[in-house]
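*Asks:* Quick one: this structure, given as structure tokens, is what I'll be asking you about.
The values are calculated or read from the model by the stated rules, or taken from the named source; none is laboratory data. Source: prediction; values computed, not measured. Here the Cβ is made from the backbone with ideal geometry for all residues, glycine too, and neighbour counts use every protein chain on show. Ligands, DNA and RNA are stripped out before the accessible areas are found, and what is left, the full protein with its side chains, is counted by its heavy atoms. Shrake-Rupley method; radii C 1.70, N 1.55, O 1.52, S 1.80 Å.
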Amino acid sequence: MIADPRAFLEDLFFAAVRAADPYEAIRAHLPQRPKGRTVVIGAGKAASQMAEAFERLWPHPFEGVVVARHGPVAACQTFKILQSAHPVPDEAGLSASEALIDAVQGLTKDDLVIALISGGGSALLPAPPEGFSLADEIALNEALLASGAPISAMNLVRKHFSRIKGGRLAALAHPARVVSLIVSDVPGDNPAFVASGPTVPDEGDASEALRAIRDYKITLPQEIVDFIHRQVTPKPSDATFAGHEVHVIASARVSLEAAAKLAVERDVEPLILSDCIEGEAKDIGRMHAALAREFASRVSAGKSMVLLSGGETTVTIGGGTYGKGGRNSELLLSAALDLQGSEDITALAADTDGIDGSEDNAGAFCDGQTVARIRAAGGDARSFLSGHDAWSAFFLAGDLFAPGPTGTNVNDFRAFLLQ
């Protein structure tokens, strides 16, 4: 039996985060030094940490610029660290995108571009097409975020409305060779979807992007829809990308396996449900609660089990006002409602980047008494859930989990301890 369930779940979370450590991941995938220049670019929530790790590992001269989100960043000596907004783009992002575009201009076939890419880069790198403005890209992002569409669908749309996404940044580096080192935050680990693939083209076309807009009822200005309809994105088979390399160096699967390994060391039986769960957060929360109750009924006396999962859920906002929170908090609040009175279940749902949604928490804990604690503090869990205000609910319960930014991002981490 685990005497302190929350401490145990927190240990699992940090084991998952350590497995996605940029230093170890980059070290295993460094390319050979080129004859010419080495230019290092990057973007994402883990950008500055990846840059700092690269500086420690690369013993040769290089030029580097990466784009991280506003907030604390790792200290770098050679890299230029730019910062912009997430999840909605800002003016700083426009300048940052131009800086990356400038960095890959004028290269030769003897030069090497190393791209350090992690989740979050879609918002950090706004680069609206000719004739459109930052306001148009902001409108696009806000509509996508409110739609409840999965990240793959959102990024498919984004890469059809950009001068930098969908492999276009790598195309601008031609004829230099590009090696992309990617920390994946997308279910299934398709590198073309991480940060909308600035250095990784894919086979997606405009018809698929338009289908996503239709299927998820994404309301966009007609001029944006018309532009997407005319787009033809670069394809992997294009000669421009010959000789390029793409490596997914960290992912949710690897992190979940690290958490499972630690669980075994603590004499807890782990079960990885999946590393690519998608869907509406509140629905996935209820699914996890149902699975937790089912497996809890099978756990032998004196034994413990932990259910682990990853992926990226979504929250469909709809009309009206909404409160504070993120997808992990919303998922867990939904689960908490179904786990009322379950004395043998404790859960943690958190984003591995350390920030869930709009506030400073990574997610939250819950157990069979969470809803009662919310009620005792004067709140109503169902009202908070319907108002997309899970942060406020867990704040009242004292159940927020706030480890701070972690320096990596392999998406959501969920652990349900049964004993």
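*Asks:* Inspect region 54-66 for any residue being assigned to a helix (DSSP H, G or I), touching a residue at least 60 places away in the same chain (Cβ under 8 Å) and within 19 Å of residue 104 (Cβ to Cβ) and give the result as yes or no.
*Replies:* Applying the first criterion (assigned to a helix (DSSP H, G or I)) to region 54-66 yields 54-57.
Right, trim to touching a residue at least 60 places away in the same chain (Cβ under 8 Å) and you get 54.
Going one step further and asking which of them are within 19 Å of residue 104 (Cβ to Cβ), we end up with 54.
Yes: region 54-66 contains one or more residues that are assigned to a helix (DSSP H, G or I), touching a residue at least 60 places away in the same chain (Cβ under 8 Å) and within 19 Å of residue 104 (Cβ to Cβ).
*Asks:* Another question, if that's okay. Just need a number here: residues in region 392-419 that are assigned to a helix (DSSP H, G or I), of a type outside the set (A, V, I, L, M), within 29 Å of residue 304 (Cα to Cα) and open to solvent by less than 40 Å² (accessible area, probe 1.4 Å).
*Replies:* Taking region 392-419 and keeping what is assigned to a helix (DSSP H, G or I), we get 392-397.
If we keep only those that are of a type outside the set (A, V, I, L, M) too, we end up with 392, 394-395.
If we keep only those that are within 29 Å of residue 304 (Cα to Cα) too, we end up with 394-395.
From the residues that got through so far, the ones that are open to solvent by less than 40 Å² (accessible area, probe 1.4 Å) too are 394.
Residues flagged as assigned to a helix (DSSP H, G or I), of a type outside the set (A, V, I, L, M), within 29 Å of residue 304 (Cα to Cα) and open to solvent by less than 40 Å² (accessible area, probe 1.4 Å) within region 392-419 amount to 1.
*Asks:* Something else now. Could you list, in sequence order, all residues of region 218-236 that are closer than 18 Å to residue 153 by Cβ and open to solvent by 70 Å² or more (accessible area, probe 1.4 Å)?
*Replies:* Residues satisfying the conditions are 219, 229.
*Asks:* Only residues that are open to solvent by 60 Å² or more (accessible area, probe 1.4 Å), touching a strand residue (DSSP E or B) at 6+ places or on another chain (Cβ under 7 Å) and of a type outside the set (Asp, Glu): list them for region 237-247, please.
*Replies:* Result: 246, single match.
*Asks:* May I ask you to say which residue of 34, 87 is open to solvent by 40 Å² or more (accessible area, probe 1.4 Å) and either acidic (Asp, Glu) or in a loop (DSSP other than H, G, I, E, B) (or both)? Spell out how you get there, then give the answer.
*Replies:* Values: 34 fails: open to solvent by 40 Å² or more (accessible area, probe 1.4 Å).
Unique residue meeting the criteria: 87.
*Asks:* Among (1) crowded, with 17+ Cβ neighbours inside 10 Å; (2) within 30 Å of residue 34 (Cα to Cα); (3) more than 23 Å from the chain's Cα centre (by Cα), there is one condition residue 270 misses while meeting the rest; what is its number?
*Replies:* Every condition holds for residue 270 apart from (2).
*Asks:* Would you check which residues across region 321-358 are assigned to a helix (DSSP H, G or I), out of contact with any Phe, Trp or Tyr (no Cβ under 6 Å at 6 or more places or on another chain) and open to solvent by less than 20 Å² (accessible area, probe 1.4 Å) and list them?
*Replies:* Looking only at region 321-358, we keep the residues that are assigned to a helix (DSSP H, G or I), and these are 327-338.
In the following step, the residues that additionally are out of contact with any Phe, Trp or Tyr (no Cβ under 6 Å at 6 or more places or on another chain) were identified as 327-328, 330-338.
Answer for region 321-358, where residues must be assigned to a helix (DSSP H, G or I), out of contact with any Phe, Trp or Tyr (no Cβ under 6 Å at 6 or more places or on another chain) and open to solvent by less than 20 Å² (accessible area, probe 1.4 Å): 328, 330, 331, 332, 333, 334, 335, 336, 337.
*Asks:* Another question about this same structure. Take the residues in region 376-390 that are of a type outside the set (Gly, Ala, Ser) and out of contact with any helix residue (DSSP H, G or I) (no Cβ under 7 Å at 6 or more places or on another chain); name whichever of them is surrounded by the most Cβ atoms within 10 Å (Cβ to Cβ). Walk me through how you get there before you give the answer.
*Replies:* So in region 376-390, the residues of a type outside the set (Gly, Ala, Ser) come out as 380, 382, 384-385, 388-389.
Cutting the leftovers down to out of contact with any helix residue (DSSP H, G or I) (no Cβ under 7 Å at 6 or more places or on another chain) gives us 380, 389.
Numbers: 380: 13, 389: 21.
Across region 376-390, the extreme among qualifying residues is 389.
*Asks:* Answer yes or no as to whether residue 250 is small (Gly, Ala, Ser), farther than 25 Å from residue 85 by Cα, open to solvent by less than 40 Å² (accessible area, probe 1.4 Å) and in contact (Cβ under 8 Å) with a residue 60 or more places away in the chain. Working first, answer last.
*Replies:* Details: small (Gly, Ala, Ser): yes; farther than 25 Å from residue 85 by Cα: no; open to solvent by less than 40 Å² (accessible area, probe 1.4 Å): yes; in contact (Cβ under 8 Å) with a residue 60 or more places away in the chain: yes.
Considered against the rule, which asks whether it is small (Gly, Ala, Ser), farther than 25 Å from residue 85 by Cα, open to solvent by less than 40 Å² (accessible area, probe 1.4 Å) and in contact (Cβ under 8 Å) with a residue 60 or more places away in the chain, residue 250 comes out as no.
*Asks:* Could you list, in sequence order, the residues of region 194-220 that are under 15 Å from residue 167 (Cβ atoms) and of a type in the set (Ser, Thr, Tyr)?
*Replies:* 196, 199
*Asks:* Can I ask one more? Please list, ordered by first then second residue, the pairs with beta carbon atoms under 7 Å, 6 or more apart or interchain, first in region 398-419 and more than 19 Å from residue 288 (Cα to Cα) and among the hydroxyl-bearing types (Ser, Thr, Tyr), second in a loop (DSSP other than H, G, I, E, B) and open to solvent by 20 Å² or more (accessible area, probe 1.4 Å).
*Replies:* Note: pairs meeting the criteria are 408/21.
*Asks:* Filter region 172-217 down to residues that are surrounded by fewer than 19 Cβ atoms within 10 Å (Cβ to Cβ) and among the small types (Gly, Ala, Ser) and give me whichever is nearest to residue 54 (Cα to Cα).
*Replies:* 188
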